[in-house]
Structure formats: C-alpha cells, structure tokens
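FYI, it's all coordinate maths here, none of it is from the lab. Quick caveat, the model's predicted, so the values are computed rather than measured. Positions of Cβ are generated from backbone atoms using ideal geometry, with glycine treated the same way; all protein chains shown enter the neighbour counts.
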Amino acid sequence: MSFDQADLKTQTATTEWWKTGIVYQIYPRSYQDSNGDGIGDLRGIASRLDHLVDLGVEAIWISPVFPSPMDDFGYDISDYCNIEPIFGTLEDFDALREAVHARGLKLLLDFVPSHSSDQHPWFQESRASRDNPKRDWYIWRDAKPDGSPPNNWISEFGGPAWTWDEATGQYYLSIFLSSQPALNWRHPEVRAEMLNVLRFWFERGVDGFRVDAVSHVAPFVDGGDHPANPIWEEHMGPARSQIHIHGMHQEEGFQIVKEMRQVSDAYPDRVLIGEAYGGFEDVMRYYGESLDGFHLPFNFALLHSPWNAEHIRHMVEEYEAALPEGAWPNWVLGNHDRSRIASRAGRAQAKVAATLLLTLRGTPTIYQGDELGLDDAHIPHDAVQDPWEKQVPGIGLGRDPVRTPMPWEPGPTAGFTTGTPWLPLHAPQGADVATQSGAKNSVLNFHRALIRLRRAEPALVTGAYRTVSCQNDVYVYERVLGDDVLTICLNFSGEEKPINVSGRLILSSRSERGDADGTPATIASHEALILKR
C-alpha cells in the first residue's frame, strides 16, 4: 500500500468501549487461588484486579466458571445459570462483578452454545428414552445397517463424532468429547432456553460474552460424509484430516448468531465476541450482512501465522481488505488453546509482538501471562490434564503448556496458591509480576507503557491503518487520525537494520534509548519503535 492510497479505511471517533478498549482473558483455574486447593477461583480473581488496572485494560473475559464435571475443564457445562463450587458461589460472582465495575472495568463471560455436559439434566432426560420430551434437544441418529456411525465425521478431539448409547440404541453427536453431547439448536425449545441463558447473565450485570465454538452450532448431520482434506498433515490433528463442509459455518448457525445479537441489543452497552476459526471469508460472515451478527468475530490469524515481517504484513492487509464496510476489526495474539507467542516467535520477540497487537487497528485481546512474556511450559507425562492431549498424544495438541498458574511473585508456588497447583508451575526466573514490576526494561512494564501511549494517542485507537514498507525483516506502518501520524517500526530479526522514517521517537522497546533520540536511523535487533510527526 502506498501513502497516497485514496481508499484507506478510516474510523470516526466512537464511544463504544469494546472498540476503544483492550480485552484481557483470564483462565480462572490458573489465575489466583484464594482457598489453598490449588485451583484458581472467583475470589482469587477479585484479589488481583489491581494488576489489570495497572496494566491498563478495559475488560476481562473469564473462561467458563459454571457447574461442570470438568472433563474439559469447564467447557462441559451441567448448569448454565450457576457457578461451579470449585470457583465459588453466585454470591462470589456478584461480589466480583461489583469489584470489577467499581474499578471501571467490564466483565465478560464464556457462553458455550454448541454442547453441554452429559451430566446436564437436559441430556439425562434426552437419553432416558426415545420418546422423552427432551429427546430431540440433542442430536440423535440411527446406526448404519452395519452398526457403524451415521457418517464419517471426526470429533475435534479425535475419534468418531458419534457416541453409541446402548440403552436407547442410537448414536448421539459429540463434536468434542463423548461426554459433551451436541445441543440441537434447530429445536425451538433449545433455542429459547439457551437465549434465556444470555438474558440470565445480562440481568445479573454481565457486560458481554465470548461465544465458544460457534462455528459448530447447527451442524447439518444429514448432509453426508465429510471429504478428505488434501493438505492434511498429522501434526494438525485427526479432525483436520477432513473438510467439515456440513459440520461448520452452516447457514442456520448464522441465523442463530443474529438471534443472540438481538438478545444482546436489548441490553445497553453490551458486546458479543465470537470464536469462529476459519478463513477470512468464513469469519467475516459472522459480522452479519447488516452488521447484525457478532460485534467482534475473533480474528485468529496471528495465532497461526509464520512469524516473519512479510507474511504478517500481507495478512494484515488481507484482513483489512476483507472487513465489511463499517465492521470493527480485532486482533488476538494468544489464548488458552494455542501455543504462546513467546514460544511461537521466540522470547526475544515478545515486545515486538505486543507492539503489533496493541497498535494495529481494532480491539486487542491479551491472554493472561503474555504480558510477562511467558512461553509454553513443559508438562511431564504424568502431570498431563488436557483431554485432547490424552486422546491424541505425542503430536503437540495439548493445551496444558499455556494454562499453567499465573506467576505473581518469586517462591515455590509463585503467590498463586498455598497448596499444590493443579498444573505444574511455570515461572522462569524474573518472569513473575512482582519482579517485572520493579524491572525498568521488563516485558510487563513495556506493556504498561505501550497501553498508556495507546490511551494518550487517539490515532492508535481510531486512526486509519496504512502500510509504509516491509523489507529486510522490518515492517513499518502508520496509524493516521486527522493531522496525527504515528509510525510503528517492527524488527522481526536478530540484527540491527537501517530505517528511513520521519518523526520524533516516543516509545522504544529498548529502554536504554530514552526519549531524546530524535529520529532514529536504525532499528536494533528485536526492537519496536513508535514515532510521531
């Protein structure tokens, strides 16, 4: 893209908090334990809110805290309108909400619509008999004549996506674990009940939801087998060996998203964020034809992009070009399911990655621990908890390495618990909050400075994006709002490189530069620079 490109996407100033703010994801089992059982909880989250205020984020999203057998650590829900006892009580939730709001923050919860736990009373009734009134609340089908499943679908965690029920002589669909039966959103009573779940939490003061695995809602199970994926490789996992043409991104699913949005719109100042993995063409459909779908369908492109300047530049431009008119972009660098950016890109690139996330156009989401530059933990075989790793071992699909407890301070349990952590602690020397808070050049303090700058410079929030250059492993782009122009320079290499930019240096990831370097002629290895002119 050139400087004089006439069709730059611009965004006028806006007051919607979900456009101007930063979302911070909390994995509750691993954030802070308040009672010594080794598992994080709601009171623990409340006790650590000041860290988030100091960081400068505007909203927290908490992964599931609802009653669950914990086969998939909360994503197998047995009661959508209560709190799992290991995390606390509804009263604890109310206290947390009040504490969050008192600090000027927003509170988002996870909504898991595609499946429940097999321990949910709805499924207990559904599997009781073929003529039970709730039978069709889940997706049941007869076996083929040879007794095999109705089609060849493979579950996300490996193995058939169908589970045989001996008592009633049919298969039920289970897109993830067999203990996570798929809800039948094509049934009007299911639809009504699940939309009422949203209303229950909105009425309780929740500011929005991240909607889990929405691409699997309303699968067309009678469409037939899934074709083989011609580019599949073993490291992708068994589920990716097929193209899920009938199981994902179905038309009925997009209509369901619109109905979720209608519920959300009945409550002021709320937001819906959708987890929909896929190419940009698929993801953009979740905005809705009239922007009446998700406010923010998650953009996961950075989670799987090769970490080099040219590829990232191309991906940013492709995403910007794909956005529907008026749609608000967003960026995700890490989450509870994918390898940490410090492992994917290298720990030396942590500040470069943070600068990219927090200066591109759109709403950023930070995953807990990434603000410390944490990398993936090594989990011994006998300590593995993740059911995905247990079902498909040895190819790196396990999510435990990114779910280890948050390190708050030096010490045997890093301030997370007084007991034994549910996963082994991963706290490299100097990678805890207390230590980094006192270290001028730490990843944490750079995040804080970067977010302060973002708040002080409207161009970094609502300004247009345009590419300046991308060569020699250095990616340079601008954010422009009126007469304000901020230039971001990112060195993806381990070597010093020349740069040809103008403006006054206002932030460097290398604290030794100070604020008086004027316009730099070079960018150091693994450095991020922001200039203003």
Simple spin-label estimate for K440 and A383 in nanometres, 7 Å along Cα-Cβ:
3.5
The percentage of Cα-Cα pairs in the stretch 388-533 separated by more than 18 Å is 67
Which of A342, N196, H244, positive extreme of dipole for the chain (C-beta unit charges)
A342
Counting only Cα, what are the radius of gyration and maximum Cα-Cα distance Dmax of the stretch 259-355, in Å?
15.0, 46
Mind giving me the FRET efficiency for N500 and A322? R0 is 25 Å, r the Cβ-Cβ distance, nearest 0.05 is fine.
0.25
In terms of modelled amide H atoms, which long-range or inter-chain residues lie less than 5 Å from the amide H of T363?
N330, W331
Run the reach check for K440 against lysines, Cα to Cα strictly under 17 Å, same-chain hits fewer than 8 apart removed. What comes back?
K351
Here the stretch 464-532 gives, from Cα atoms, an Rg and Dmax in Å of 11.3, 35
Positive end of the dipole of the stretch 464-532, charges at C-beta (+1 Lys, Arg; -1 Asp, Glu), about the Cα centre: which of Y477, I530, S509 has its Cα farthest in that direction?
Y477
Positive minus negative residues near G503 (Lys, Arg vs Asp, Glu; Cβ under 9 Å)
+3
On each of the three principal axes of the Cα atoms of the chain, give max minus min coordinate, whole Å, ordered largest first.
76, 54, 46
Using alpha carbons only, how many angstrom separate the centre of the stretch 71-132 from the centre of the stretch 173-214?
10
Once each part is reduced to its C-alpha centroid, what is the distance from the stretch 489-510 to the stretch 224-262 in angstrom?
41
Loop only per DSSP, at most 13 neighbouring Cβ atoms within 10 Å: give me the GluC sites (Glu not before Pro) in the stretch 453-533, ordered by residue number.
E495, E496
For the peptides 202-213, 292-303, what is the packing order when you average, over each peptide's residues, the other Cβ atoms within 10 Å and list the highest mean first?
292-303, 202-213
If packing is taken as the mean number of other Cβ atoms within 10 Å per residue, what is the order of 425-431, 282-288, highest first?
282-288, 425-431
Cα pair distances exceeding 18 angstrom across the stretch 24-150, given as percent
60
Report, in deg cm²/dmol and to the nearest 500, the calculated mean residue ellipticity at 222 nm for the chain, where each DSSP H run with n ≥ 4 adds -39500 (n - 2.57) and the sum is divided by the residue count.
-7000 deg cm²/dmol
Compute the distance from the alpha-carbon center of the stretch 147-166 to that of the stretch 316-388, in whole Å.
32
Quotient of C-alpha Rg and 2.2 N^0.38 Å, computed over the stretch 121-173
1.14
With charges only on Cβ, +1 for K and R and -1 for D and E, what is the dipole size of the chain about its Cα centre, in debye, rounded to 20?
1300
Report for the chain the percent antiparallel among DSSP-assigned beta bridges with both residues inside it, nearest 5.
60
For peptides 340-350, 396-406, sequence by mean Cβ density within 10 Å, most packed first
396-406, 340-350
Under 15 Å, Cβ to Cβ, from P149 - net charge with Lys/Arg +1 and Asp/Glu -1
-4
